[in-house]
DNA sequence: GGCAGCAAAACTGTTGAACAATCTGGCTGC
DNA sequence: GCAGCCAGATTGTTCAACAGTTTTGCTGCC
């Protein structure tokens, strides 16, 4: 069966392929460092090599893969500086969003609260694999308070990059749950109009979150020797 | 005489083509609405149709062109909502940058001042076509104070979109000069550590700049009967 | 046994031609 | 004047080929 099952094809094939690959990457199915060989992938997805190439270029533009001339494409492995950069961007946008929250239209605030509720639901259901994503969706809806589609798009891409690090973290288990409680706290502070408190809480949140991801990335780069990707052909692709 | 003169080809051809086309677009050589027909362009640039197609996709990702299935690619014409969106993003990033300026490293502040000086030089030389670009470079270096490569990249793309509107403005003449004086004022306020004053000045600057661009875009969309997109907002009584 | 160096294989980057699907403009006929 | 249709133009996508580059593996030499 072609992995590119044609449910809805309202858009061109390259964007379909892009969506499939992006999903596989951020979901951890294609871990960082995995080479994306166009001939193999095009065969697997049932599209031409050129079409696949266009998709890979978009993923490159989104910062999810790296491309070296004549060496091909590979899933990006986040360096420590990438993480700090991403969190700089997060701080800028999310803190600005809190600042702007008093002027935000009510529906956007409602949507934000809905995302927190969804995350809490995931926690209650102990669906740990969904919790991280649900929490990030809250932060996405927080940035949406700024009211700019372009900033939303940028934040979405940035968060997708961050999930490159999440996917690596061996334990995506229960220790994600505390973050949701803090999401709730921040959300309530915003809704309560306590802007300064919300800012402080969010700042702390981001600092600690950054430290956690940074530790994970550094731990990961210690095991998987940095520049060396796949010493031989895909030997142990299974579970480790 | 291929327009794609091979000065330096350290990167793949698609990115070279992308750079050439981006330049032509933001420089106004290819005005908004211009259809970008791949067969003609690929012949003119001396690359294959597939290669050109990759370049067009990147430009699409950057928001400089629009692509409609089976209708091809055209240089984007900014709508009023695009302008307001872009200025929302500008306010968010530039005002955050002023906020962060006390912590910014000295070399970045120097670079910022250098950009203002360059703009002033362009004004003195009465090189009006260069003034707008030089001023935008100052704002780019302002955002650079935030210290995030990702935010820098996003801002660069956003500014390129804004230049779609600039290129349309018939008179890019002397009335751009006053903005540079205000750039200087904002720059000096930042260097002097007068953060609040800089914020206020920048806020006013962006408000007035937005109004100006907005007027230009609205005037432009009145003359060049816009594409049949968005019959909603404007009670478009198409002439003819 | 280890290593320099070379040849073969694998892969990428890019091209050109081909074809189906779709859009566009003009023509016919009423 | 207008509906409908036909033909050309253009797009979206595929396929096969080839040059250039990196990687691999082998050979022979010390």
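Coordinate-derived values only; no laboratory data. What you see is a predicted model, and the numbers here were worked out from it, not measured in a lab. Heads up, the Cβs are rebuilt from the backbone with ideal geometry, glycines too, and the neighbour counts pull from every protein chain shown.
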* Angle between the Cα long axis of helix A:80-100 and the longest principal axis of chain A, 0 to 90 degrees, nearest 10? -> 40
* **Most fluctuating residue given options B:95, B:142, B:69, as computed from a GNM of chain B linking Cα atoms under 10 Å** => B:69
* To do: Assuming a ≥ b ≥ c are the square roots of the Cα gyration tensor eigenvalues, decide whether the range A:60-135 counts as rounded (a/c under 1.5), prolate (otherwise, with a/b larger than b/c) or oblate.
  => oblate
* Debye intensity ratio in log₁₀ form over the Cα atoms of chain B, taken at each q of 0.12, 0.15, 0.16 Å⁻¹ -> -0.77, -1.11, -1.21
* Structure fact -> Computed D for the range B:80-223, Stokes-Einstein, Kirkwood radius over alpha-carbon pairs, 20 °C, 1.002 mPa s, to the nearest µm² per second, is 140
* Take A:37, A:57 and order them by how many other Cβ atoms sit within 10 Å, fewest up front. => A:37, A:57
* GNM top mover of A:73, A:51, A:34 - chain A, alpha-carbon springs below 10 Å -> A:51
* Under the rule of -39500 (n - 2.57) per DSSP H run of 4 or more residues, summed and divided by the residues of the protein assembly as shown, what mean residue ellipticity at 222 nm is obtained, to the nearest 500 deg cm²/dmol? -> -21500 deg cm²/dmol
* Asked: Inter-copy label distances at residue B:110, 7 Å along the Cα→beta-carbon direction, one decimal in nm, shortest first?
  -> 5.5
* Asked: For residue B:129, which inter-copy label distances result when the label point lies 7 Å beyond Cα on the Cα-to-Cβ vector, reported in nm to one decimal and in ascending order?
  -> 5.8
* Per-copy distances of the residue A:214 label point, shortest first, in nm (7 angstrom along Cα→Cβ) -> 4.1
* Structure fact -> So for the range A:13-76, using the alpha carbon gyration tensor with a ≥ b ≥ c as root eigenvalues (a/c under 1.5 gives rounded; past that, a/b versus b/c decides prolate or oblate), I'd call it rounded
* Whole-number D in µm² s⁻¹ for the protein assembly as shown, Kirkwood Cα-pair radius fed into Stokes-Einstein, 10 °C, 1.306 mPa s -> 65
* So which residue, out of A:21, A:121, A:109, gets the largest mean-square fluctuation from a GNM of chain A using Cα contacts under 10 Å as springs? -> A:121
* Calculate the length of the line joining the C-alpha centroid of the range A:45-114 to that of the range B:67-96, in whole Å. => 18
